[in-house]
Each structure stands twice: as C-alpha cells, then as structure tokens.
Amino acid sequence: MLRIYWVLRYKNINMASLIPQAHAVDIGDAFTLGEGGNKISTLTSLSALIAPLIQNMFVLAGIIFLILLVFGGVTYIMNAGSGNQEAVEKGKNALTWAIFGFIIIFAAYWTVQTVELITGVQIFNSGL
C-alpha cells in the first residue's frame, strides 16, 4: 500500500485522472413525437408532450375494451348452458364493466371535444 502511495505521489499522477468521467448525452434529437416529427428537445410546452400521450391512452382504452368485451362474451356464452351460475355472473360482470368503462372514456373524449369547440383551444391537435 505504501508503494502505491509513493508511486502516485512522487510520479505526479493525478488521482482525478484515474476516475472515469461522466459525459452528458442529448437524446432529444433521436426521438420524435407525433406525425409532424416534433423532436423532444424542441418542445415548447408541457401540453405538446402530454397531448400525444392522451391520444394513445384513448387507443389503449379501446383495445382493452375490445379484449374485455370478447372475454366477457365468450365466458357468458360458454357457461350459459352449463348451469354454472358463478361463471355466468363472471361473464356478465366483465361485459357490464367493459361497457361502463367505454361509456366513461367516450364521455371524457366528447367532453374534451366540446371544450375545444367552445373555447377554440386545441387540446389534442387531432384531425378526428
């Protein structure tokens, strides 16, 4: 240990040069959002980042609705004639909650569209 200290001290080796340095990397130019290809580093507001995320959440909600609708329907049909009331109720509940969730998502979408129409402020910047 003493020899290492002597080598570092008397051979003028800087200890800071032995530690790896961290470098910052700008990844903003590598990723784009939306159809216009807005680069993340050029976004000027938080809404420009959130709007595409909300639009994709509506798509995801639609996919989940479809999956639950198919699952509930198949479960209901498969167990309707078997006399297993618990499985039939499971299918009914899946269908009911899928439709209820779709109504909530549908109402939220049209509420935002109504606010856009009344105020003239583009929230989604979509062409729907």
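So, in the range 55-85, of the ones that are under 22 Å from Thr111 (Cα atoms) and surrounded by 15 or more Cβ atoms within 10 Å (Cβ to Cβ), which residue ends up modelled with the lowest pLDDT? Filtering first and then ranking leaves Gln55. Screening Gly101, Gly83 for residues that are on the phi > 0 side of the Ramachandran plot and free of Cβ contacts under 8 Å to residues at least 60 places away in the same chain leaves exactly one candidate, Gly83. In the set Val115, Val88, only one residue is surrounded by fewer than 14 Cβ atoms within 10 Å (Cβ to Cβ) and of a type outside the set (Phe, Trp, Tyr); that residue is Val115.
Taking (1) more than 22 Å from the chain's Cα centre (by Cα); (2) in a helix (DSSP H, G or I); (3) at pLDDT below 85 in turn, Val112 satisfies each apart from (1).
The values are calculated or read from the model by the stated rules, or taken from the named source; none is laboratory data. Please read all numbers here as calculations on a predicted model, not as lab measurements. Cβ: placed from backbone, ideal geometry, glycine included. Neighbour counts: every protein chain shown.
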